[in-house]
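First up is the structure itself, then whatever we jot down about it.
The values are calculated or read from the model by the stated rules, or taken from the named source; none is laboratory data. Here the structure is a predicted model, which means the values were calculated and not measured. So basically every Cβ, Gly included, is an ideal-geometry build from the backbone, and we count neighbours across all protein chains shown. To get the accessible areas, we keep the full protein, side chains included, count just its heavy atoms, and leave off ligands, DNA and RNA. Shrake-Rupley method; radii C 1.70, N 1.55, O 1.52, S 1.80 Å.
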Amino acid sequence: MINYSIVNDLNDERILPFLFSQQNAGIYHHPLWLKAIAKTFGHAPFYSVISDKSNNIIGLIPFLKIKSILTGKRIVCLPFSTYCDPLLPNEIIKDAMEYLILNFGKEFKIDLRSLTDYSDTLNNFSHNSE
């Protein structure tokens with residue numbers, strides 16, 4: 001069984017061991033990056049976390065919740081970075097994004113900045129390569 005959740009506690013003890021086990025993890029996935037952006041700009045950081053039945057993290061996506069007069073309400077993975085690919089198996093990206101839509105989609109625009117083009121999987125999302 002897979003569990004989808006929002007983790008606001010950037011000190012969650014499961015995060016760093018998971019990141020260290022991931023070949024594609026980078027600085028933008030690290031809780032310290034999210035804390036620095038939150039402290040500097042006042043945005044609310046969180047992780048969208050996918051865990052197994054033993055509550056071990058099997059995937060995550062870092063986000064910041066942004067409320068801007070200019071750009072509106074959005075959750076972004078990840079502002080102040082060129083890209084931040086999700087660290088999760090491709091076969092669950094659609095379910096992970098649908099979970100976010102259920103939790104934020106009516107109030108917030110969702111911006112996933114990724115090098116991977118998920119337009120085939122996420123057909124209700126637009127893809128923009130900059």
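All but one of (1) touching a Ser or Thr at 6+ places or on another chain (Cβ under 6 Å); (2) open to solvent by 80 Å² or more (accessible area, probe 1.4 Å) hold for Asn8; which doesn't?
(1)
Criterion first (modelled with pLDDT of 95 or more and under 24 Å from Pro17 (Cα atoms)) does Ile93 satisfy it?
Answer is no for this residue.
So which residues in region 67-87 are of a type in the set (Ser, Thr, Tyr) and part of a strand (DSSP E or B)?
Ser68
Return the total of residues in region 64-79 being buried (at least 16 other Cβ atoms within 10 Å of the Cβ) and more than 10 Å from the chain's Cα centre (by Cα).
Number satisfying all stated conditions: 4.
What number of residues within region 11-28 satisfy the criterion of being in contact (Cβ under 8 Å) with a residue 12 or more places away in the chain, farther than 14 Å from Ile57 by Cα and either of a type in the set (A, V, I, L, M) or surrounded by 13 or more Cβ atoms within 10 Å (Cβ to Cβ) (or both)?
The total comes to 2.
Yes/no per residue for (1) open to solvent by 20 Å² or more (accessible area, probe 1.4 Å); (2) touching a Gly at 6+ places or on another chain (Cβ under 9 Å); (3) touching a residue at least 40 places away in the same chain (Cβ under 8 Å):
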{"position": "Met1", "(1), (2), (3)": "yes, no, yes"}
{"position": "Val49", "(1), (2), (3)": "no, yes, yes"}
{"position": "Pro62", "(1), (2), (3)": "no, no, no"}
{"position": "Ser81", "(1), (2), (3)": "no, yes, yes"}
{"position": "Ile92", "(1), (2), (3)": "no, yes, yes"}
{"position": "Tyr99", "(1), (2), (3)": "yes, no, yes"}
{"position": "Leu112", "(1), (2), (3)": "yes, no, yes"}
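When you scan region 60-80, do you find a residue that is under 19 Å from Phe18 (Cβ atoms) and of a type in the set (Gly, Ala, Ser), even just one?
Checking region 60-80: not a single residue is under 19 Å from Phe18 (Cβ atoms) and of a type in the set (Gly, Ala, Ser).
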